[in-house]
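Asks: Pasting a structure below so you can have a look.
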Amino acid sequence: MQPRAPAGVGSLVEDVDTPALLVELEVLERNMLRMAQSLAPTGAKLRPHAKSHKCPTIALRQIELGAVGVCCQKISEAEAMIDGGVRDVLITNQIVGSSKIAKLTDLARRASVAVCVDDLEHIGALSSAAQTTKVVLDVLVEIEVGTNRCGVPPGLAALELARRVAAAPALRFRGLQAYSGAAQHQREHIKRVEAAKDAIAWCRATRDLLRLNGIECPVISGAGTGTWQEDAASRVYTELQPGTYIFMDADYMRNRDADGNMCPDFEQSLFVWATVISRPAATRAVVDAGLKAVSIDKGMPLVHGVDGAEYVRASDEHGVLSLQTEPKTVKLGSKLRLVPGNCDPTVNMHDWLVAIRHGRVEALWPISARGPGL
């Protein structure tokens, strides 16, 4: 059974039930268009990360604007994208376990699907399953370029894995996965640029080593919303994987430009819509958007457009606001917008994106790739 929608198409925004996830369509469209137009002259292709929106409707709009496909982090996300009409998916992760690999090869029958490896065991398991199901899997070797998560060191370790992939039956070596997550959230511009340059240098050196050893590296995929300009200008990354740029969030908004000013290249389009359910004190209000409606892993959400209001504490169903003044807009029953600290896990908590334009609901988009997934 499909979950209950918080509004109907044509409803006024004021009538959208809460907590709900709002997206301003005009801003979303400007963000998508800006990225597409900015990348066009650089030669870098856009492969946006669907873990941010988890919505095939948005993925297809990104592809209409020139994206070559999307990234996903999990099998379940990839399945939702392919079910929704996306035909080119890179899973930017290692897939382990017979049931997941079986699903991966099944999806490869229906669309172009690539996956990452950083261990010989990955290669053996993928090759065996691909042979059994008579498909060819595209494989990227993941190198560690600053995230300190998955990936082998750049250079010789990557070369060895690339050789093994190229020699494995039913696998096709496509290139390198090189995402520098730590670089994306460096607040100072110079530190972001330096971190991006380090990742670019490691990618370039590994690519050149592969070529020197007779292995072509047609794809180097990575980058993100925080470093997209440096990564595109490098001429090393062939694909960029930003996700947050379409929505933005409070965390990315803290990044600074070269002059020390807030430097969002993109506008805030995503908000959690919440109702004030209690005004127990002059300096305190409580909204109905707590831990089940907005992520706080990168800090508390911001209260949008209300001076002197600060979201200070979250519990399961409650968000507590501290009021330095007594804004008239924060009264019992009033509704307000919260800017999530981190858009990705916030989106994952909701069933619907309520797409609004000029104060009315234009569309309801199911977030079909949400949940813990498989």
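Asks: Being closer than 26 Å to G224 by Cβ and either more than 18 Å from the chain's Cα centre (by Cα) or in the same structural domain as F271 (by TED's automatic domain parsing) (or both) narrows it down to one residue among H318, H350; which is it?
Replies: H350
Asks: I need the full set of residues from region 198-215 which are closer than 18 Å to V165 by Cβ and touching a residue at least 40 places away in the same chain (Cβ under 8 Å), in order please.
Replies: Within region 198-215, C203, T206, L209, L210, N213, I215 qualify.
Asks: Quick check on Y237: is it assigned to a loop (DSSP other than H, G, I, E, B) and either at pLDDT 95 or above or in contact with a Gly (Cβ under 8 Å, 6 or more places away or on another chain) (or both)?
Replies: yes
Asks: Being modelled with pLDDT of 95 or more and either among the acidic types (D, E) or under 21 Å from the mean Cα position of the chain (by Cα) (or both) is the requirement here; does L332 meet it?
Replies: no
Asks: Looking at (1) over 20 Å from M32 (Cβ atoms); (2) of a type in the set (A, V, I, L, M); (3) surrounded by fewer than 24 Cβ atoms within 10 Å (Cβ to Cβ), which is the one condition that is false for M253?
Replies: For M253, the failing item is (1).
Asks: I'd like the full set of residues that are surrounded by 15 or more Cβ atoms within 10 Å (Cβ to Cβ) and closer than 19 Å to P218 by Cα, limited to region 126-151.
Replies: Across region 126-151, the qualifying residues are L137, D138, V139, L140, V141, E142, I143, E144, V145, G151.
Asks: A further question on this structure: Name every residue in region 94-128 that is touching a strand residue (DSSP E or B) at 6+ places or on another chain (Cβ under 8 Å), within 22 Å of D83 (Cα to Cα) and of a type in the set (G, A, S), in order of residue number.
Replies: A108, A111, S112, A114, listed by residue number.
Asks: Which condition from (1) crowded, with 20+ Cβ neighbours inside 10 Å; (2) in a helix (DSSP H, G or I) is the one that G175 breaks?
Replies: It fails just one condition, (2).
Asks: So, V115, is that one over 21 Å from G66 (Cα atoms) and buried (at least 22 other Cβ atoms within 10 Å of the Cβ) or not?
Replies: Yes, satisfied.
The values are calculated or read from the model by the stated rules, or taken from the named source; none is laboratory data. Computed from a predicted model, the values in this text were never measured in an experiment. As a convention, Cβ positions derive from the backbone with ideal geometry for all residues, glycine included, and neighbour counts pool all protein chains shown.
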